[in-house]
Amino acid sequence: MSQNTSENERIGGFHAVVSALEAGRPIRRLWLAEGRRGGRADELAARAEAAGVPVEMAPMSRLDAWLPEVRHQGCIAEVEPPQEYRESELPELLHAVEDPWVLALDQVQDPHNLGACLRSAAAAGVTAVIAPRKRAAGLTASVRKVAAGAAERVPFVPVTNLSRALNRLQDDGFWVVGLDGTAEVSLYDAELPRPLVWVAGGEAKGMRELTAKHCDLRVSIPMAAGMESLNVSVATGVALFETVRQRR
């Protein structure tokens, strides 16, 4: 893994901070909102102090200014930048587990959608999540807040070219299955192959045409009449847990 050389960053929210503590991510300092005592705040302060993390109180207005787009709940931690997986490390990640599978996100740009996809991927036991390095959301503080600790548990691997990355996975024996609302094959009728790469498209137009051409199979999620599509994070969750069901 390569160390991100940017300055320390701040994450917000009790779940995100607890997850960082549990994952062993280096935390430099914890701030709690003034007057925020009792319950979760006291428990988190005790855990942080036991781990050698300084705990300070700060006005809520200051915390809001630090993370204006994050619902931080009066709890912010300064952490070292996350270690980022290189694309070249993906084969080693996949070979390290007995039954690997991958989630590929084709230009998902909304941080909340990326965070929700990471959370579903971690809960389903996905080995790694890949996404284009450009024109896609990255692991920001907002993403990690939505992911509720999942960003610390499932490797996120930015790739330079998604189509090329899918080709390499196919060369390694993976089958690529895409979520496509126009596909005639239902998700629930498909026998999902192993090892598997799921591909979910971006918010605006779904999978790009070039990405779709690399799919060995495309499937759709049956829906009630009048409904055209699901949010990408919802559709991804449905597909991942249908995979879990079939594997069990």
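The values are calculated or read from the model by the stated rules, or taken from the named source; none is laboratory data. Since this is a predicted model, take the numbers as computed values, not measurements. Cβ: placed from backbone, ideal geometry, glycine included. Neighbour counts: every protein chain shown. Surface accessibility is based on the protein's heavy atoms, side chains included, excluding ligands, DNA and RNA. Shrake-Rupley method; radii C 1.70, N 1.55, O 1.52, S 1.80 Å.
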Picked from segment 119-160 (must be among the basic types (Lys, Arg) and modelled with pLDDT of 75 or more), the residue nearest to Gln246 (Cα to Cα) is Arg119
Quick count over segment 18-49, residues being assigned to a helix (DSSP H, G or I), open to solvent by less than 10 Å² (accessible area, probe 1.4 Å) and either at pLDDT 90 or above or over 17 Å from Thr140 (Cα atoms) (or both), is 4
Residue set Glu191, Glu228, Glu203, Glu184; condition out of contact with any strand residue (DSSP E or B) (no Cβ under 7 Å at 6 or more places or on another chain), of a type in the set (Asp, Glu) and surrounded by 13 or more Cβ atoms within 10 Å (Cβ to Cβ); output residue Glu203
Conditions: (1) in contact (Cβ under 8 Å) with a residue 24 or more places away in the chain; (2) open to solvent by 10 Å² or more (accessible area, probe 1.4 Å); (3) of a type outside the set (Asp, Glu); (4) assigned to a helix (DSSP H, G or I). Arg164 meets all but one. Number of the miss? (1)
Could you give every pair whose Cβ atoms fall below 8 Å, whose first residue belongs to segment 233-248 and is of a type outside the set (A, V, I, L, M, F, W, C), and whose second residue is crowded, with 20+ Cβ neighbours inside 10 Å and outside any helix (DSSP H, G or I), counting only separations of at least 6 or pairs across chains? Thr236/Leu103; Thr236/Leu105; Thr236/Leu179; Thr236/Trp198; Thr236/Ala200; Thr243/Trp101; Thr243/Leu196; Thr243/Trp198
Considering segment 84-112, residues that are part of a helix (DSSP H, G or I) and either open to solvent by 70 Å² or more (accessible area, probe 1.4 Å) or free of Cβ contacts under 8 Å to residues at least 40 places away in the same chain (or both), and then whichever is nearest to Ala239 (Cα to Cα), we arrive at His112
Quick one: which residue in Glu184, Glu209 is over 21 Å from Thr243 (Cα atoms), of a type outside the set (A, V, I, L, M) and at pLDDT below 95? Glu209
Test Val157 against the stated conditions and say whether it is out of contact with any Ser or Thr (no Cβ under 9 Å at 6 or more places or on another chain), in a helix (DSSP H, G or I) and open to solvent by less than 60 Å² (accessible area, probe 1.4 Å). no
